[in-house]
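Student: Starting off with a structure, shown below.
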Amino acid sequence: MMLRASSSANDMQVDLSLVRGEAAENEAVDHAPELARLVDTSVSDLNSLSAARSALVEATDDATMLDAAAVVANFEMMTRIADGTGTCHPSERLESMAEMTTSMGLDQFVSARS
Amino acid sequence: MTATPSSIVEECHAASELPIRADLTAAHAHVWEKLAAPGTWWDGGERLAIAEIVGAALDDPVPIPPWESPSLSGRFSRNALLSSELQDAIYRLTVHAGTLTEEWYSKMRDATGITPQQWVEVIEVAISVTSVFRFSQLAGIERPAFPSPIEGEPLRQEQPSKPAKHHWVPVVHLEDMTPELAPFYDGLPAVPPVIRALSSVPSAMDTLATLSSAQYIPTREMIDLDWTRGTLSRRQIEFVAGRLSAHRECFY
């Protein structure tokens, strides 16, 4: 939702499949492939995390890599708060998100509470 | 000289020789100071025991499926402070949060006998450890050791929390704001459900606000869809956030 909002605020269209699928270079999110690789390897391929970190630093710099690491840490936190407390969206918000959540397959998550 | 919780974090960050922001180091040091100190419903030793389960779960190279008991599998050393049922719940929160259901929550509370407020504080400890350890792992820096427990009694401070429409746990609604919650509620027309989730324990709200401001975006800047620290753009921040949340199968 916030990715869509922050893109719209800049008159940019972002393909939200970027979040779950192949992350190719695109206008809305600079260095999407390198950022995606850092996230992906940190979750499911720790042996490749160091290479992903180096690739992101090479494409950007140390400070950007550190901020990306901090955002990952933050959403490791937020996901556990939401799922540990059974937090769900108000019904009106769920309605406004319906098309996006269906197209992205998010409605198939166990955590898709209402 | 004995290391303080803050110095443990600060030394790890300094040793990396990376340009780690001072506010991020301060935020991690702050939650490390609280980690093994008496909390609201758990004492320092109990909070440290919860933290150690979270750390072991994060380190588990081959996590067991959510329907199996990690304590029965011998993943944890015997712990006199936490029941095996609570250890299992902490492991599942850490490794398989996206699989939790309201039925699971209800059964977990029956099996462990803990109150909703105690569970909220368990989550607070879990998010502190997860934030500090995962940042260290991603940044490729040394991971801070756990601090030593500090003796003392929990505060046992009640809040006027009530059953909630958008949570399993009770929350304090905006109209019931207390002085302890004022720093997090004051001036807001509404509090997003995921922020309100921890409101029955104000110290947990403090942990969330401290970490979120340094790791993500300061609360007051949330409304600015172009906000940046000069490194990641807002769109890059949200892309990383969305991709991680999708990996964790977090619908919210």
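The values are calculated or read from the model by the stated rules, or taken from the named source; none is laboratory data. Everything numeric here is computed off the predicted structure, so don't read it as measured data. We place every Cβ from the backbone using ideal geometry, glycine too, and count neighbours over all the protein chains shown. Please note that ligands, DNA and RNA were not included when accessible areas were found on the heavy atoms of the full protein model with its side chains. Shrake-Rupley method; radii C 1.70, N 1.55, O 1.52, S 1.80 Å.
Student: Return the average number of partner chain Cβ atoms within 10 angstrom of each residue Cβ along peptide B:185-196. Don't skip to the end; give the middle numbers.
Tutor: Numbers: counts 0, 0, 0, 0, 0, 1, 0, 4, 8, 8, 3, 2.
Counting Cβ atoms of other protein chains within 10 Å of each residue's Cβ and averaging gives 2.
Student: Name the most mobile residue of B:Arg220, B:Arg234, B:Arg134, meaning the one with the largest mean-square fluctuation, in a Gaussian network model of chain B with Cα contacts below 10 Å.
Tutor: Of B:Arg220, B:Arg234, B:Arg134, the Gaussian network model singles out B:Arg220 as fluctuating most.
Student: Roughly how crowded by other chains is peptide B:91-99, in terms of the mean Cβ count from those chains within 10 Å of each of its Cβ atoms?
Tutor: 3
Student: What list of ³J(HN,Hα) values in whole Hz, one per residue of the stretch B:74-89 in order, does the Karplus curve 6.51 cos²θ - 1.76 cosθ + 1.60 (θ = phi - 60°) give from phi, with Gly and Pro shown as x?
Tutor: My calculation for the stretch B:74-89 gives x, 6, 10, 6, 4, 10, 6, 8, 10, 5, 4, 5, 6, 4, 4, 5 Hz in order.
Student: In units of 2.2 N^0.38 Å, what is the alpha-carbon radius of gyration of the stretch B:139-252?
Tutor: 1.27
Student: Right, here's the next one. Once you've got the GNM for chain B with C-alpha springs shorter than 10 Å, pick whichever of B:Pro202, B:Pro163, B:Pro19 has the biggest mean-square fluctuation.
Tutor: B:Pro19
Student: Once you order the gyration tensor axes a ≥ b ≥ c over the Cα atoms, which shape class does chain B get: rounded for a/c under 1.5, otherwise prolate or oblate by comparing a/b with b/c?
Tutor: rounded
Student: Still on this structure, please answer the following. Please report, in Å, the Rg and the Dmax of the stretch B:2-125, where both are computed over Cα atoms only.
Tutor: That works out to 16.1, 48 Å for Rg and Dmax.
Student: Another question, if that's okay. With N set to the residue count of the stretch B:94-140, report its C-alpha Rg divided by 2.2 N^0.38 Å to two decimal places. Don't jump to the answer; show the numbers that get you there.
Tutor: On the way: Rg = 13.2 Å, N = 47, 2.2 N^0.38 = 9.5 Å.
That works out to 1.39 for the stretch B:94-140.
Student: Moving on. Take every Cα pair under 8 Å in the stretch B:98-252 that's 6+ residues apart, average their separations, divide by the length, and report that relative contact order as a whole percent.
Tutor: Relative contact order here is 20 percent.
Student: Hey, got the dipole for the protein assembly as shown? About the Cα centre, +1 on K and R Cβ, -1 on D and E Cβ, debye to the nearest 20?
Tutor: 560 debye
Student: Once the other residues with Cβ under 9 Å from the Cβ of B:Ala111 are scored (Lys, Arg +1; Asp, Glu -1), what is the net sum?
Tutor: Neighbourhood net charge equals -1.
Student: If you don't mind, another one. How do B:Arg78, B:Arg143, B:Arg196, B:Arg47 stack up against each other in accessible area, from largest to smallest, with a 1.4 angstrom probe? Before the final figure, lay out each step's value.
Tutor: Numbers: B:Arg78 215, B:Arg143 100, B:Arg196 40, B:Arg47 5 Å².
These residues rank, largest area first, as B:Arg78, B:Arg143, B:Arg196, B:Arg47.
Student: Ok, one more. Assuming a viscosity of 1.567 mPa s and a temperature of 4 °C, what translational diffusion coefficient in µm² per second does Stokes-Einstein assign to the protein assembly as shown, Rh being the Kirkwood radius over Cα pairs?
Tutor: Answer from the Stokes-Einstein relation: 62 µm²/s.
Student: Could you order B:Ser200, B:Ser16 by accessible surface area, starting with the largest, using a probe radius of 1.4 Å?
Tutor: Result of the area sort, largest leading: B:Ser16, B:Ser200.
Student: Mind checking which aspartates and glutamates have their Cα closer than 19 Å to the Cα of B:Lys165? Skip sequence neighbours fewer than 8 apart in that chain.
Tutor: Qualifying aspartates and glutamates at Cα under 19 Å: A:Asp83, A:Glu92, A:Glu95, B:Glu102, B:Glu103, B:Glu175, B:Asp176.
Student: What number comes out for the charge environment of B:Asp176, summing +1 per Lys or Arg and -1 per Asp or Glu over other residues with Cβ under 15 Å away?
Tutor: Overall, the nearby charge balance is -1.
Student: Let me know the charge dipole size of the stretch B:166-235 about its Cα centre in debye, to the nearest 20, where only the beta-carbon of Lys, Arg (+1) and Asp, Glu (-1) is charged.
Tutor: 340 debye
Student: Moving on to the next point. Are there any chymotrypsin sites (Phe, Trp or Tyr not before Pro) in the stretch B:51-122 that are in a DSSP loop and have at most 13 other Cβ atoms within 10 Å? List them by number.
Tutor: Passing both the DSSP loop test and the Cβ count: B:Trp67.
Student: Additional query: Lys and Arg at +1, Asp and Glu at -1: add these up for the other residues within a Cβ distance under 14 Å of A:Val57 and post the number.
Tutor: Residues near A:Val57 contribute -4 overall.
Student: Using the Karplus curve 6.51 cos²θ - 1.76 cosθ + 1.60 with θ = phi - 60°, what ³J(HN,Hα) values do you get for each residue of the stretch B:26-41, in whole Hz, with x for Gly and Pro?
Tutor: Those phi angles translate into 5, 5, 5, 5, 4, 6, 5, 5, 7, 4, 10, 9, x, x, 8, 10 Hz.
Student: Using only the heavy atoms of the protein chains and a 1.4 Å probe, how would B:Glu102, A:Glu27, B:Glu249 rank by accessible area, largest first?
Tutor: A:Glu27, B:Glu102, B:Glu249
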